[in-house]
1. Which residue, chosen from B:His175, B:Thr89, B:Pro22, occupies the Cα position most advanced towards the positive end of the dipole of chain B, where the dipole is computed from +1 (Lys, Arg) and -1 (Asp, Glu) charges on Cβ about the Cα centre?
2. Add +1 for every Lys or Arg and -1 for every Asp or Glu among the other residues with Cβ under 12 Å from the Cβ of A:Thr54, and state the total.
3. List the chymotrypsin sites (Phe, Trp or Tyr not before Pro) within segment B:1-84 that fall in a DSSP loop (any state other than H, G, I, E or B) and whose Cβ has at most 13 other Cβ atoms within 10 Å.
4. What are the GluC sites (Glu not before Pro) within segment A:125-170 that DSSP puts in a loop, where the Cβ has at most 13 other Cβ atoms within 10 Å?
5. Return the value, in Å² to the nearest 100, of accessible area buried between chains A and B (probe 1.4 Å, both sides summed).
6. How much length is gained on full extension from A:Glu175 to A:Asp6, taking 0.36 nm per residue of separation minus their Cα-Cα distance?
7. Gaussian network model of chain B, Cα springs within a sub-10 Å range: biggest mean-square fluctuation belongs to which of B:Lys41, B:Lys11, B:Lys181?
8. Relative contact order (percent) for segment A:25-105, with alpha-carbon contacts under 8 angstrom and 6 or more residues of separation?
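The values are calculated or read from the model by the stated rules, or taken from the named source; none is laboratory data. Quantities reported herein were computed from a predicted structural model and do not represent experimental measurements. Note: ideal-geometry Cβ built from the backbone for every residue, glycine included; neighbour counts use all protein chains shown. In case anyone asks, the SASA skips ligands and DNA or RNA and just uses the protein heavy atoms, side chains included. Shrake-Rupley method; radii C 1.70, N 1.55, O 1.52, S 1.80 Å.
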Amino acid sequence: MRALLDSLKSLYPLDDIVLQRPDLAFATVPAAQVRGLLHHLKEREGFTHLVLLTAVDWLEDGMFQLTYLLHDRARARDLGLRTLIRRDRATMDGIHDLWPTAATYQRELKEMFGIDFPGSPGVDDPFVLEGWTDLPPYRRDFDTKDFSERNFNHREGRVTHDPAAHMKRHLYPDEA
Amino acid sequence: MRDELQKRVVKGPDGVEFEVEPLKDYYCEAPPAEHPPAYLKIVEDLFNWARSQSLWILGFGTGCGAIEMRPLMTPRFDAYRYGVQWRPTPRQSNLFIISGYLSVKTLKRVIRSYEQMQNPKYVVGLGSCTINGGMYWDSYNTIKRLDDYLPVDLYIAGCMPRPEALLAGFETLKHIIREGKAEGANLYARNFDWYKANQKKVIHDWDMPDYNW
Ligand code: SF4
């Protein structure tokens with residue numbers, strides 16, 4: 001794995017390299033290099049399987065992080081590539097031509113995070129939300145509790161017990 | 001409305017072209033009607049006894065609770081010995097078990113399936129998610145109380161209820177039916193507008209007929 005990372009480092013600007021296990025590593029690349037690097041990994045290094053494509057919302061930094069996790073079956077190793085894109089211009093090149101399955105991930109990211117992948121098949125079709133009108137729900141500035149209270153009827157009489165306070169009252173009634 | 005529900009010209013396999021208007025041709029335009037009880041109480045009681053002995057569940061799982069129905073179908077718990085069995089289509093079943101959290105997308109399919117079931121029909125809410133949202137009480141995508149959208153005859157509480165609780169629930173439902181209190185389908189017909197208003201309040205892209213019979 002270390003040899004692979006060294007050889008990649010000479011070709012691409014890799015950053016924040018984390019060797020998590022002998023068979024699992026992560027690295028960050030600039031968004032413009034992602035497609036080239038993924039292509040290289042797929043065609044030259046044996047990472048033929050796209051395990052997942054997911055996103056993290058770094059609200060405070062105004063960034064979305066995309067994580068591409070790849071698997072090399074022959075050598076049983078995984079490589080995760082991270083890239084950061086701006087939150088206010090959430091657009092990214094699709095990789096559905098490299099792995100057709102990526103279209104499903106991209107469609108989900110469009111719906112849940114509002115990250116656009118122009119040209120990805122069906123990227124604008126509803127995925128699990130139909131007729132959604134609010135902010136994409138996985139964005140961290142979306143307030144799910146507030147939305148749930150506005151959008152749904154709730155049944156009266158629901159109480160929530162803080163477990164610590166409840167057990168204290170239960171076990172030490174004198175102190176409560 | 002979805003494209004497949006629009007009026008259009010179709011070419012049949014024999015080459016003849018004809019016009020279809022799905023909302024008129026395939027669906028019932030009249031809202032559901034109440035079904036009056038039999039002319040004599042003793043006859044209605046007999047009907048209800050018979051109904052209680054044939055519970056046919058629609059094989060439609062919504063939340064985690066659907067997993068509890070599998071052991072019920074198999075020899076360990078064997079619900080069939082209580083006269084309960086599962087059917088693959090709405091037209092063949094009369095009991096709809098909403099087995100847990102219900103997302104808005106699934107609610108749409110649930111309404112379609114429920115309306116296609118024949119009268120008299122019953123609804124059981126399984127698990128706390130159907131009662132008050134359960135642990136998904138603050139979720140953006142699940143409904144919080146099932147009885148706003150469908151007439152519920154019985155709730156089985158728990159997260160999730162075990163198969164024994166479901167078996168007990170079936171027996172309770174039979175009692176309710178025998179007492180003539182399982183009037184869900186009539187309730188739905190009587191308050192049809194109220195149910196539709198609630199359903200449309202959460203289903204923002206209503207793209208199906210108002211009544212899916
Ligand atoms: S009540 Fe519990 S087990 Fe049932 S669907 Fe909800 S979370 Fe899942």
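1. B:His175
2. Every neighbour counted, the sum reads -1.
3. Passing both the DSSP loop test and the Cβ count: B:Tyr26, B:Tyr39.
4. Those satisfying the criteria are A:Glu156.
5. So the buried area, both faces added, is about 2100 Å².
6. That pair, A:Glu175 and A:Asp6, stretches by 54.7 nm at full extension.
7. It is B:Lys11.
8. Once normalised by length, the contact order is 31 percent.
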